[in-house]
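Shown next, in structure tokens, is the structure this report addresses.
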Amino acid sequence: MPSQRSAPLPRGWSKHVKSGLLHAISLAAMALTVARSRYARWRLQAELERAKGEIALLKEELAIKDARWGRLPSRRRPHFTPIQRMRILQVKAARGWSCEQAAEAFMIDEETMRSWLRRIDEEGENALIQISEPVNKFPDFVRYLVKQLKVLLPTMGKARIAQILARAGLHLGVTTVGRILRETEPMPEDTATLAVIDTRLFTARHPGEVWHVDLTSVPTGPSFWVPWVPFALPQSWPFCWWIAVGVDHFSRAVVGFAVFYNHPTSGDIQRYLGRAIRNASCSPKYIITDRGRQFWCDSFKRWCHRRAIHPRFGAVGKQGSIATVERFIRSTKNECTRHILVPLQLQSMRRGLGAYATWYNEHRPNQALGGRTPREVYGDIRPANARPRFEPRKNWPATGSCAAPQTGIRGARGVRLSLVVQYVEGRRHLPVVELRNAA
């Protein structure tokens, strides 16, 4: 194999190779910069030529149109709209024209131009000069509805308010509701005439079929304890109620509840579940619980086996193993028991929880279900937020999209609405919101 030989380098090469490399890179960068600058200059020159040609064509087009309108007497020419008048005044200010120059450019009388300037500060729908409003801007009464709803239901956040309004027919984005709630500007006087009607509503509840079951305690007025023995130790009536709840996993519907004076036994839970099965007219295939002593025992397992029910148990010490029913218990305490004086009578406690279960199943939008109610999911009913919506923006295009879930427009655009708030069995913490046409 022939040996490889390197070509001899000239003398002094090692002394100048680094500086030569830097000079070569500098020359290449300069050449690239010059080439780019020439290309940019040519591109700008071409764009300037195209712009000049477009301007010439537009001038010719305007001259033809002006000649046509100039042949008509001024009285037969169509009037400018209030928004167009404002645009003409804006062009006049930007050009620095006098009233005479602006009147000549737009073929109107000079006195008409002066009249516009005198009446520029008029307000209201009948104003001669008006500023154009964005088509996606909601009228002031929508802001009033959102703020009034927040006053009536202070515990609800922006997402819940948006879902409630969507079910009532007014689709607003969550960010839009949040922006309205952050506003500190006073509301216009004309929006204060909207009526808020307070009535009662009585409805029935509908149980589900696949269940999560759990227990919780709800303190009464005296709370869990008193400072003397023996009542300082046990958690039982009259210091608290023990409540068993069952929730359908698929639809989040409340399938039943039971109230106990003391910590219930496994037999109490079995009798409660038996009543819930009879009311539902069906037996669940699975029941998921924690490993409490009422469920993790042979008696409960035998009861499930006799009814062809497969018991499943959440992991010990793992949060979220029975998250569905735990989330419902949290909602019950936040939206019901903490807003009322928990009664000491058993029947009163049952009526209060029954009213909440009815409201929860039929009227409360569930975020996990996309704003639908458990009853709509369980019964496969068309959700209220998927029906045609009200559109208070009169200039909104008919084909324009709205906040999710997107639906068509009900009736005419630019409708005014009034807020109607009803309460399940007259309980102020269980509202049912409705929007009605105020026209």
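A short reminder: the numbers here are calculations on the coordinates, not readings from a lab. As the structure is a prediction and not an experimental result, all values here were calculated from the model. All Cβ positions, even for glycine, are placed from backbone atoms using ideal geometry, and neighbour counts span all protein chains on display.
Tabulated values for the structure
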| item | result |
| --- | --- |
| Neighbour cut-off at most 14 other Cβ (10 Å), DSSP loop, GluC sites (Glu not before Pro), region 100-192 | 122, 123, 125, 183 |
| Ordering of 288-295, 271-278 by burial proxy (mean other Cβ atoms within 10 Å per residue, highest first) | 288-295, 271-278 |
| Average silhouette area of region 74-118, convex hull of alpha-carbon atoms, in square nanometres | 2.9 |
| Those trypsin sites (Lys or Arg not before Pro) in region 106-136 that DSSP places in a loop and that have at most 14 other beta carbons within 10 Å | 119 |
| Per-residue Cβ neighbour rank within 10 angstrom, fewest leading, 156, 30, 113 | 30, 156, 113 |
| Neighbour-count order for 150, 59, fewest beta carbons within 10 angstrom listed first | 59, 150 |
| Two-decimal log10 I(q)/I(0) for region 211-352, as the Debye equation yields it once each C-alpha is a single scatterer, q = 0.11, 0.14, 0.22 Å⁻¹ | -0.43, -0.69, -1.47 |
| Sorted by Cβ density within 10 Å, fewest first, the residues 145, 153, 57 | 57, 153, 145 |
| Across 65/92; 59/394; 65/394; 59/137, pairs whose alpha-carbon gap is larger than 26 Å | 59/394; 65/394; 59/137 |
